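For reference, the structure discussed in these notes is given below.
The values are calculated or read from the model by the stated rules, or taken from the named source; none is laboratory data. All values reported here derive from a predicted model rather than from experimental measurement. Note that we place each Cβ from the backbone using ideal geometry, even for glycine, and neighbour counts take in every protein chain shown. Side chains included, ligands, DNA and RNA excluded: accessible areas come from the protein's heavy atoms. Shrake-Rupley method; radii C 1.70, N 1.55, O 1.52, S 1.80 Å.
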Amino acid sequence: MNFDRIAPYFRPLEWLLFQDSMQRARECHLSKVRDARSILVLGEGDGRFVEALLRASSPRGRHIEILDSSRRMLGLAKKRLQRSGIDPKAIAGIRWRPEDLRGADLGQQRFDLVVTPFVLDCFSAESLEKIVPSIASSLQPGGHWLHIDFREAKTPRWARWRSRAWLFALYAFFRRTVDLEARELHDLEPLMRGYSLKRQSNTRFRGGLIEASLWESFTPGQASGKITQGETT
């Protein structure tokens, strides 16, 4: 996969297709994780998520690592932050990692927050069976996983068929332009629940096509809390 070739066009393409829905999904749960101090962002893209994260709050001593296979995307993200007016001290401590998630070593550090913004839909089922456990094991007990991605809508029927049409078109486009590994979207929820993760909040956009979910890592035997559901346009 090579997102370098579309990096300069990613934001206008996103706006053309979905207006601000993808960015709203990236930002919708930030108030719930504003106190996280050790953060790993996987597949950041052009920097809009991390900019929103830093604007939401910037506790002293915060450590952020950003991993993306596209060096061009990382370059755009760095330039965005430099122009953002955010305190340079908050930006200087970011560790930039130009790595492919499939082969990345997430190390022994445990994070308060891991974020996967529109990245896991790029991978095959075989890759996800390795990636998801690796992410889950990188979370501290009580840490959070903020997962934002596309999803096939369930109801009503018209929304399900519309989302299928969108997903078919998106996969066809990205297979051709970036040699996407995945050929279809995979439901990660059963896999995530198998690694001591419980979903706390869930918000959908564009009739259920886009979903932002906040998961918490727990120790076996810990009681599950109530899930907060949300639906926006």
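The table for this structure:
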| quantity | calculated |
| --- | --- |
| Cross-link reach list, lysines versus Lys198, counting only Cα pairs under 20 Å and skipping chain neighbours closer than eight places | Lys32, Lys130, Lys226 |
| Prolate/oblate/rounded call for the chain, Cα gyration tensor, a/c under 1.5 rounded | rounded |
| Burial order of peptide ranges 193-201, 37-45, 160-168 (average beta-carbon count within 10 Å, highest first) | 37-45, 193-201, 160-168 |
| For the chain, share of DSSP beta bridges that run antiparallel, in % to the nearest 5 | 40 |
| Accessible area (Å², 1.4 Å probe, nearest 10) - His63 | 60 |
| Reachable lysines from Lys89, criterion Cα separation under 21 angstrom, eight or more residues apart if same chain | Lys78, Lys79 |
| Between region 144-222 and region 89-128, the alpha-carbon center distance in angstrom | 17 |
| Under 5 Å, built H, 5+ apart or other chain: amide partners of His63 | Ser38, Ile39 |
| Whole-Hz ³J(HN,Hα) from phi, Karplus 6.51 cos²θ - 1.76 cosθ + 1.60, for region 121-133, glycine and proline x | 6, 7, 10, 6, 4, 5, 5, 5, 5, 9, 5, 4, x |
| Among 13-26, 85-98, the order from most to least packed when residues are scored by Cβ within 10 Å on average | 13-26, 85-98 |
| Accessible-area composition of region 26-126, carbon plus sulfur, in percent [1.4 Å probe] | 44 |
| Accessible area expressed per residue, region 91-138, with surrounding protein chains retained (probe 1.4 Å, Å²) | 42 |
| Rounded if a/c under 1.5, otherwise prolate or oblate - region 150-223, Cα gyration tensor axes | oblate |
